[in-house]
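The values are calculated or read from the model by the stated rules, or taken from the named source; none is laboratory data. Everything numeric here is computed off the predicted structure, so don't read it as measured data. Don't worry about glycine lacking a Cβ; one is built from the backbone with ideal geometry, like all the others, and counts go over all protein chains shown. Ligands, DNA and RNA are stripped out before the accessible areas are found, and what is left, the full protein with its side chains, is counted by its heavy atoms. Shrake-Rupley method; radii C 1.70, N 1.55, O 1.52, S 1.80 Å.
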Amino acid sequence: MRTILLLADIHANVPALTAVLEDAGPVDLVLNAGDLVDYGPSPLETIAMVKELRGITVMGNHDRDCAIGSPVGYNPFAEASCQWTYSGLGASERAYLLGLPRSHEIVLEGVSIFLCHGSPRDPLDEYVTPDYPVNVLAGFLATTRAQVLVLGHTHVPFMRSFPHDRHVVNPGSVGQPRDGDPRASYAVLSLNDSEVSNVRQARIGYDVDPVAEGIIEAGLPPFLAERLYLGV
């Protein structure tokens, strides 16, 4: 039996990440579907925490864009945050973010897992929403030959299961949920004897105040602080 913690979209929110790690408890491995930075006030601390987890992390679109200071196609709030994050990153943090793989394939307990931020056909930028056509999701599994596809990007948790013990899982956002529930979101994948024995979606509340205050103190758009209380 192996227990895998699934994370995505931490977005520089240290209190949320801390709450998730404490709530999840001991696990065998952490798989992180990207977007460590941006929106939140603590990119350096978040990167350091993720490194200490010694798990497997893939690149998100905000990781890429904040590392190069190029928020192409962003709304004004996200553009301001990306530029602020870029200016606060050191050379080593930028190199770390740009060195993250765009996807990762791994076999654990005989179960093949494909990890990316967006989708297998567009690893950084495609939004795979909960209402995505079933045939497209099944196609992703067929293309990757994965039993479990783990992705993020939308900040909305969901899971779709298919015949032959195949699953598409989005653990939701640790640091900036957008499904109307402000609690940090994550998932736990349990594997045993070449099978997925369980996928548990979980939420945990945390103290939003210091994160919101940090956003305001940094001079970032107040909306980025307000949305954390609403889960939007």
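Data table
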item	result
Ranked order, 216, 204 - accessible area, probe 1.4 Å, largest first	216, 204
Given charges at beta-carbon only (K, R positive; D, E negative), |dipole| of the chain in Debye	540
Selection from 3, 185, 16, by position along the positive dipole direction of the chain (Cβ)	3
Label-reachable residues, the range 9-33, where backbone N falls under 18 Å from a point 7 Å from residue 52's Cα toward its Cβ	10-32
Accessible area, probe 1.4 Å, largest first, for residues 126, 226, 79, 217	217, 226, 79, 126
Net charge of Cβ neighbours under 11 Å - reference residue 81; Lys, Arg +1; Asp, Glu -1	-3
The range 1-121, Cα convex hull volume normalised per residue, Å³	100
Simple spin-label estimate for residue 134 and residue 195 in nanometres, 7 Å along Cα-Cβ	2.2
Counted charge near residue 195, where neighbours are those whose Cβ lies closer than 9 Å (Asp, Glu -1; Lys, Arg +1)	-3
In Å², nearest 10: area of residue 70 left accessible to a 1.4 Å probe	40
Per residue value of the accessible surface for the chain (all protein chains in place, 1.4 Å probe), Å²	41
Percent of C-alpha pairs per 10 Å bin, the chain, short to long	8, 36, 37, 16, 3, 0
Whole-percent carbon and sulfur share, accessible surface of the chain, 1.4 Å	52
Among 180-186, 114-120, 169-175, the order from most to least packed when residues are scored by Cβ within 10 Å on average	169-175, 114-120, 180-186
Cα extents of the range 128-232 along the three principal axes, largest first (Å)	50, 27, 19
Two-site label geometry, residue 162 and residue 181: point separation in nm, points 7 Å out along Cα→Cβ	2.5
Spatial separation of Cα centroids for the range 125-166 and the range 16-46, in angstrom	22
Residue-averaged 222 nm ellipticity for the chain, from DSSP H runs of 4+ at -39500 (n - 2.57), nearest 500	-10500 deg cm²/dmol
Cβ-based charge dipole, the chain, positive-most Cα from 77, 223, 128	128
Largest to smallest accessible area among 22, 195, 93, 109 [probe 1.4 Å]	22, 195, 109, 93
Lys, Arg +1 and Asp, Glu -1 on Cβ, resulting dipole of the range 1-129 about Cα centre, debye, nearest 20	260
